[in-house]
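These notes are about the structure you will find just below.
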Amino acid sequence: MDNMKKLGLSALAGSLVAFSANAGELAVSGGAKLSYTGAQGSQDNSDTGNNFGMQRLVTMSGSGELDNGMSVSLVHTFATSTGAGSTSSITIDMGSMGTLGYGQDSYQVGMSKIDDIIPTAEEEVSNGLSLTATESQGSTAVNGNTYEVDLGGNGFNYTLNAGDMATIVVGYAPRGVDNLNDDGATGGTDGDGSDSSVHVVLTPMDGLKVVAGTGERVNGNNMDDMETFGATYTYGPVSAGIQMSEIDYEAANSGIARDADTTYMGIAFNVNESLSISYGEQETDLAGVSVDQELEGMSIAYSMGGVSIKAHNNEGKGMGGTANNASEHTEISVSFAF
């Protein structure tokens, strides 16, 4: 997107961890997106109210060089009028020593960066699939992305490039919380631990990407263990991927089985430089129940200049390991870049 305007700053983020920042500027960019959402939640739910939505997205970003030769970058993304889903992050680039970043709310910490690497034209197959406690046959709320390896949205990432073909990422989310904390403030529930993970991204050959990671996250007074590994391969206009994730719950929670093994598969095809389509599946084997959670979805995206038209349809069955739990999500959107 082109910059809407630029704001001069006398210093970049004031002072950062005792380093002085040189003068910099923040670039402000934005876009317009209008969506229509059809099926939502339970497949039997026809009362969805107003089906039109509008994204409120404004991004402010800037970078500058510190006195010691390192560089720092700052990003503030405002996604909604209430602040929910917004992201703020500060990243220090230390050259050959790697980069260190801290972000809040929707910041991808550690393994969250590789929770679903399957190629798609628009959205993951879990997007929009959810059941409220009233809709769920199990009487508890269910979300399609429940069994993804994920860390809290407030935390640190340390990234080190280990040669031309490998990147190592260490993530740490204090107390595993997701919220926006102002400076001088605290937030989130004080659990018995913090989220942490380490993962590696390998690119051994053109078109091939391999990921593998392990970590743990806070679950009340317990810690859940997580592992994932997967690969994607692109050849010409076709991209395909497969991924397997495992979550071992230290103690079962209401509506959640003790262990969950999920397999992701999908393929995307660029028909031409403007049009792309994709199809994906997820299957989660839940310990202690006989029903697997099965998700599938299709996406299509078309762009023409600064206009993009996208659509996806996702369906879920056996959600949360309950046979009668089914959800569907259909969305069409048009966005304008300027």
Original post:
Could we say that Met94 is of a type in the set (A, V, I, L, M, F, W, C) and either closer than 27 Å to His329 by Cα or at pLDDT below 90 (or both) here?
Top reply: no
Original post:
Ala21: in contact with a Leu (Cβ under 6 Å, 6 or more places away or on another chain), modelled with pLDDT under 55 and surrounded by 13 or more Cβ atoms within 10 Å (Cβ to Cβ), yes or no?
Top reply: yes
**OP:** Mind telling me which of the residues Asn154, Asn179, Asn145 ends up being of a type outside the set (Phe, Trp, Tyr), more than 27 Å from Glu328 (Cβ to Cβ), surrounded by fewer than 24 Cβ atoms within 10 Å (Cβ to Cβ) and in contact (Cβ under 8 Å) with a residue 12 or more places away in the chain?
**Re:** Asn179
Original post:
Being under 24 Å from Pro174 (Cβ atoms), within 20 Å of the chain's Cα centre (by Cα) and buried (at least 21 other Cβ atoms within 10 Å of the Cβ), is that true of even one residue in segment 243-266?
Top reply: yes
Original post:
Gly220 versus (1) at pLDDT below 95; (2) of a type in the set (Gly, Ala, Ser); (3) out of contact with any strand residue (DSSP E or B) (no Cβ under 8 Å at 6 or more places or on another chain): which is the lone unmet condition?
Top reply: (3)
Subject >> Total residues in segment 67-80, condition among the aliphatic types (A, V, I, L, M) and part of a loop (DSSP other than H, G, I, E, B) >> reply: 2
Original post:
With respect to Val334, is the statement that it is surrounded by fewer than 19 Cβ atoms within 10 Å (Cβ to Cβ), touching a Leu at 6+ places or on another chain (Cβ under 7 Å) and modelled with pLDDT of 95 or more true?
Top reply: yes
Subject >> Of residues in segment 87-129 being of a type in the set (A, V, I, L, M, F, W, C) and more than 16 Å from the chain's Cα centre (by Cα), the one farthest from Val201 (Cα to Cα) >> reply: Ile90
**OP:** Only one of these is polar (S, T, N, Q), closer than 26 Å to Ile168 by Cα and in contact with a Leu (Cβ under 7 Å, 6 or more places away or on another chain): Ser112, Ser89, Ser126. Name it.
**Re:** Ser112
Subject >> strands (runs of 3 or more DSSP E) enclosed by segment 81-179 - at least 1 residues per element that are of a type in the set (A, V, I, L, M) and closer than 18 Å to Met226 by Cβ >> reply: 166-173
Original post:
Conditions: (1) more than 16 Å from the chain's Cα centre (by Cα); (2) of a type outside the set (A, V, I, L, M); (3) surrounded by fewer than 18 Cβ atoms within 10 Å (Cβ to Cβ). Gly215 meets all but one. Number of the miss?
Top reply: (3)
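The values are calculated or read from the model by the stated rules, or taken from the named source; none is laboratory data. These numbers come from a predicted model, not from an experiment. Neighbour counts run over all protein chains shown; Cβ positions are idealised from the backbone, glycine included.
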